[in-house]
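Notes follow the structure.
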Amino acid sequence: MELRQLRYFVTLAEELHFGRAAAREHIVQSALSQQVQRLEREVGVRLLDRSTHHVDLTPAGAAFLIEARQILDHVSRAVQTARNAAASVPTLRVGIIDAGYDTMPQILRELQHTHPGITIHQVEAGTPEQYRQLADGRLDIAIGHASQTPAEVTSKLIRLDPLGVLVPDDHRFADLDGVPVTALADELLLLGEESQTPELNQFVIALCRSAGFAPAIYEGTVESTRAAADLVLQHRCVHCVPSSFRTSNRPGTTWRPLIEPATHYPWSLLWHDVNPSPHIATVINSARQLAERLGWLEPAAPPTEPAPGEDVPTAAGHSDEAV
């Protein structure tokens, strides 16, 4: 199996048209068709339903699409990591959870605009792995939920992010201005990959329980925000995510804020308080300017009560006041 076959299949699955997919990949239509057929033979199942004028994914093809995208994403990140390492030694190593969450990417764009001389190396990792990399010096700064950080990690609250639900366009929630939290009791709820966003998962579950019900959790897992949106598009589940979830504007899906109560997820900048990078203050200042301009901290505090055991730490080494 070749990476180009996976890429051709993903492109065809997105276009559902051989001509458009071939044009995107800059190959002739017959070559695209041959490569996809070889992929199907290698996989051993039919991935596509074909007709003269239309192409559809089979159930096996829809499941294969999620994994194929994740493989291509991992390869792309590996290539970029190798190129960055060969090019130069980074001066600021920044942890991001997933490219689908836009808080840290927006801060970094602000930083590059105001301080173009700073070299930034981004490391995509789940929050538990970010804590480990902060502790052993592989990361200078990261982002997450301050209540779960180790004692030696300092934090600054930068965003109170409205929590909502991602649904297909034809879902009953799509026509609502806001979705009451109790309405989630009748839905199958997709959580993030536990190794990526355990604090967000706990936050969502605690919110549901505070509303008087235990959520029905979708049993599958996803490793990326795009894969999560795929499952939503397939009507397998709904996805409870903050507004910073960038694929919430993906065609075919609709994001609606949660109400009754309106809820905000607190994002904080995190760094190790021993030998911190000299650029930490610069990052915090960029985050402060961005937060003021975009109103990230307009809510005085998250409207929901923290779950038991999830109080924001106030012990030495922690700080979670607004920027």
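Please list the equivalent ellipsoid semi-axes of the chain, computed as the square roots of five times the alpha-carbon gyration tensor eigenvalues, in descending order and whole angstrom.
Working: eigenvalues 262, 142, 54 Å².
So the equivalent ellipsoid measures 36, 27, 16 Å along its semi-axes.
Given the options Ser33, Ser210, Ser51, state which has the largest fluctuation in a GNM of the chain using a 10 Å cut-off (strictly under) for Cα springs.
Ser51
Once you have the Cα-Cα distance between Val43 and Thr182, take 0.36 nm times their residue separation minus that, and quote the gain in nm to one decimal. Each step should come with its number before you reach the end.
Values: separation 139, 0.36 × 139 = 50.04 nm, distance 4.23 nm.
Roughly 45.8 nm would be gained on extension.
Quickly rank 165-171, 214-220 as a protection proxy: mean count of other C-beta atoms within 10 Å, highest first. Display every interim value, and only then the final one.
Values: 165-171: 19.1, 214-220: 13.6.
Answer by packing, highest mean first, reads 165-171, 214-220.
At 7 Å along the Cα-to-beta-carbon direction for both Glu260 and His115, put a label point, then send me their distance in nm to one decimal.
Computed distance between label sites Glu260 and His115 equals 4.6 nm.
Pulled fully out, how much extra length does the chain show between Ala135 and Arg209, if you take 0.36 nm times their separation in residues and subtract their Cα-Cα distance? Don't skip to the end; give the middle numbers.
On the way: separation 74, 0.36 × 74 = 26.64 nm, distance 3.30 nm.
Extra length from Ala135 to Arg209 when fully extended: 23.3 nm.
What is the packing order of peptides 106-115, 234-243, 120-129, 20-29, taking the mean over residues of other C-beta atoms within 10 Å and listing the highest first?
Working: 106-115: 17.0, 234-243: 21.3, 120-129: 18.6, 20-29: 15.1.
In descending order of packing, they fall as 234-243, 120-129, 106-115, 20-29.
Between Ser76 and Glu152, what is the label-to-label distance in nm when each label sits 7 Å out along the Cα-to-Cβ direction?
It works out to 3.5 nm between the two label points.
Before rounding to the nearest 500, sum -39500 (n - 2.57) across all DSSP H runs of length at least 4 in the chain and divide by the residue total; then give [θ] at 222 nm in deg cm²/dmol. Intermediate results must be reported in sequence, preceding the final value.
Values: 9 runs with 123 residues, N = 323.
Calculated from helices alone, the mean residue ellipticity at 222 nm is -12000 deg cm²/dmol.
Taken together, the values in this text are just the output of simple stated rules run on the coordinates, not laboratory data. A quick note: this is a predicted structure, and the numbers were derived from the prediction, not measured. Here the Cβ is made from the backbone with ideal geometry for all residues, glycine too, and neighbour counts use every protein chain on show.
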